[in-house]
Structure formats: structure tokens, C-alpha cells
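The values are calculated or read from the model by the stated rules, or taken from the named source; none is laboratory data. All figures in this text were calculated on a predicted structure; none of them were measured in a lab. Glycine gets a Cβ as well: all are built from the backbone with ideal geometry, and neighbour counts include every protein chain shown.
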Amino acid sequence: MLPEVVLLKEIKGDDAVKLVKKCPVKVFDIEDLGNGEKRAVVNDPRSCTLCRECVMGPSEEQVRLTRVRDHFIFTIESTGPGALPPEVLFTEAVKILEEKCERVISELS
């Protein structure tokens, strides 16, 4: 499922730098506000592994981690050159799944 990372309040200065350094997969980044001010922003929520490092310690009340329940991420891998392209692979897989579901439904009736 898709991770959702929300900053509940603005995190500035040294706290922003600490938050960015806490995250092992670089979900957060620093935005320069000018006049030497910096703030943390969510840069790449999709890479979040929900390790919860960002909500440990003082930043616990500043960051909310959840998953978007109706959004799924999946990848399609084929085996080397000459294999079916991903869009064909996906279409064929859905057809096979549909046939299997119809078979189960007919056996249950």
C-alpha cells in the first residue's frame, strides 16, 4: 500500500535538519526559505518503509505515518530480452485471474 507521510506542523531550523538525517530512505528534504531559514518537507513519501524512525523522540508529535488503504503499488518484472512487454503481461495475467475467479464461482454454485 502507498505510504502517507504528513508533517503535522512546520518543522524549521535544526529540528528540520535532524528530521532529514533520521530518515534512512530520504523521505524528507530541506527547503530553503531565504534569510538562512530552513524547513523540512516531505519529498518522497513513496520510498517510506514505515520504519518509524521519524516519529521517535521529539518529532513524535510532528509527523504522522499511515498507509493509503485503497492504493496499491505493484511491479511487473519479465525475464530478459524477448519476453512479453509489461502491458501485455499485465493484460494476460488479469485474463487468467478472471478465468480462475469464474471457475471458482461456477464450482460454488
Margin query: Of the conditions (1) within 30 Å of V88 (Cα to Cα); (2) under 12 Å from the mean Cα position of the chain (by Cα), T75 satisfies every one except a single condition; which number is it?
Written below: (2)
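Just to be sure, is L89 among the hydrophobic types (A, V, I, L, M, F, W, C), more than 30 Å from K21 (Cα to Cα) and without any contact (Cβ under 8 Å) to a residue 24 or more places away in the chain? It would help to see each step written out before you state the result.
Details: among the hydrophobic types (A, V, I, L, M, F, W, C): yes; more than 30 Å from K21 (Cα to Cα): yes; without any contact (Cβ under 8 Å) to a residue 24 or more places away in the chain: yes.
Yes; evaluated as a whole, the condition is true for this residue.
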Checklist line | Enumeration of residues in the stretch 24-50 that are of a type in the set (A, V, I, L, M, F, W, C) and modelled with pLDDT of 95 or more | finding: V25, V27, F28, I30, A40, V41, V42, C48
Next item on the list: Answer yes if at least one residue in the stretch 59-71 is closer than 14 Å to L8 by Cβ and free of Cβ contacts under 8 Å to residues at least 40 places away in the same chain, and no otherwise.
Entry: yes
Next item on the list: Collect the residues in the stretch 9-38 that are under 18 Å from the mean Cα position of the chain (by Cα) and closer than 22 Å to V68 by Cα, keeping them in residue-number order.
Entry: C23, P24, V25, K26, V27, F28, D29
Next item on the list: Report whether or not V63 is touching a strand residue (DSSP E or B) at 6+ places or on another chain (Cβ under 8 Å) and of a type in the set (A, V, I, L, M).
Entry: yes
Next item on the list: Test A93 against the stated conditions and say whether it is at pLDDT below 90 and over 24 Å from P3 (Cβ atoms).
Entry: no
